[in-house]
Amino acid sequence: MNPRTLPTLLILALATLLPACALGPRAPAEKDAEARLFRPVSDKAVIYLLREYGDIYTLEVKVGLDGKDVGSTWPGTYHRWEIEPGEHTITASAGVGAVPNTDWQIVGSGDYDGDGKSDVLWRNSVTGTNWMYLMNGGTITTSVGVSVTPDLNWAIVGNGDYDGDGKSDILWRNAVTGTNWLYLMNGTSIATSASISVLPDTSWKIVGDGDYNGDGKADVLWRNTATGANRMYLMDGTSIISNSAVSTVTDQNWQIVNPN
Ligand SMILES: [Ca+2]
Ligand SMILES: [Ca+2]
Ligand SMILES: [Ca+2]
């Protein structure tokens, strides 16, 4: 039997705590209020499964009851089931492709915890929240907020390992002020957060973050989209140990396409 058709199964979702964006089906407010009275039901076991806000709040989580798919949860939703008394098993699983809100964009794919497996960095293009999935192949092992940067002029422009600890870091550039900022990362934690330079001419774009001098630390390659000048920062963590012109390629039809 398809569990969705079970007559005793009620799937309700909280309507009174809706976030700004719609995330999946929700029950009317009166159903919500009724469910939260927690009235006993004769000859039935009642399960109330609440998912709070916070944690992996962008993610749809599929719920199983006794091995059968009984729907999904989103932040601020609940399920209520009336089932036969006895022993039951509830499972939950989340998939990578289950982010329902297109405000979230993938802005990085470094290996932030240094386990040899690439991870996923998200930035919300409306709220400025930055979020990280630590990955094991296609499975999310950790899903947690990194920081909130509400000024949307900040963009993530690099994911190199600038201090050479084997963990990818996060390089920012502000499109208005030209400030460049580095998070040295330890997994989902920001170990160091510091300005590295200010380059007010926003014609300068970061076009590469390979390790150009082979010291195990990523460097920063710049190209000026107005003049065609190119420069390189050799980096040691948040310190620029060398800042030099590379060449000038005035013709803007030339673009760096394989920067690492
Ligand atoms: Ca990793
Ligand atoms: Ca690093
Ligand atoms: Ca280097």
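Between residue 88 and residue 191, what is the FRET efficiency for a Förster distance of 45 Å, r being their Cβ-Cβ separation, to the nearest 0.05?
Numbers: r = 44 Å, r/R0 = 0.97.
Computed FRET efficiency for residue 88 and residue 191: 0.55.
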Which far-off residues, 5 or more places away or on another chain, put their amide H under 5 Å from the one on residue 27, with H placed in the peptide plane? 13, 14, 15
Cut-off under 5 Å, modelled amide H: who pairs with residue 207 long-range: 221, 222, 223
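Taking 0.36 nm per residue of sequence separation and subtracting the Cα-Cα distance, how much length would be gained by fully extending the chain between residue 253 and residue 33, in nm to one decimal?
On the way: separation 220, 0.36 × 220 = 79.20 nm, distance 6.21 nm.
Result: 73.0 nm gained on full extension.
Taken together, the values in this text are just the output of simple stated rules run on the coordinates, not laboratory data. Small disclaimer: the values here were computed from a predicted structure and weren't measured. Note: ideal-geometry Cβ built from the backbone for every residue, glycine included; neighbour counts use all protein chains shown.
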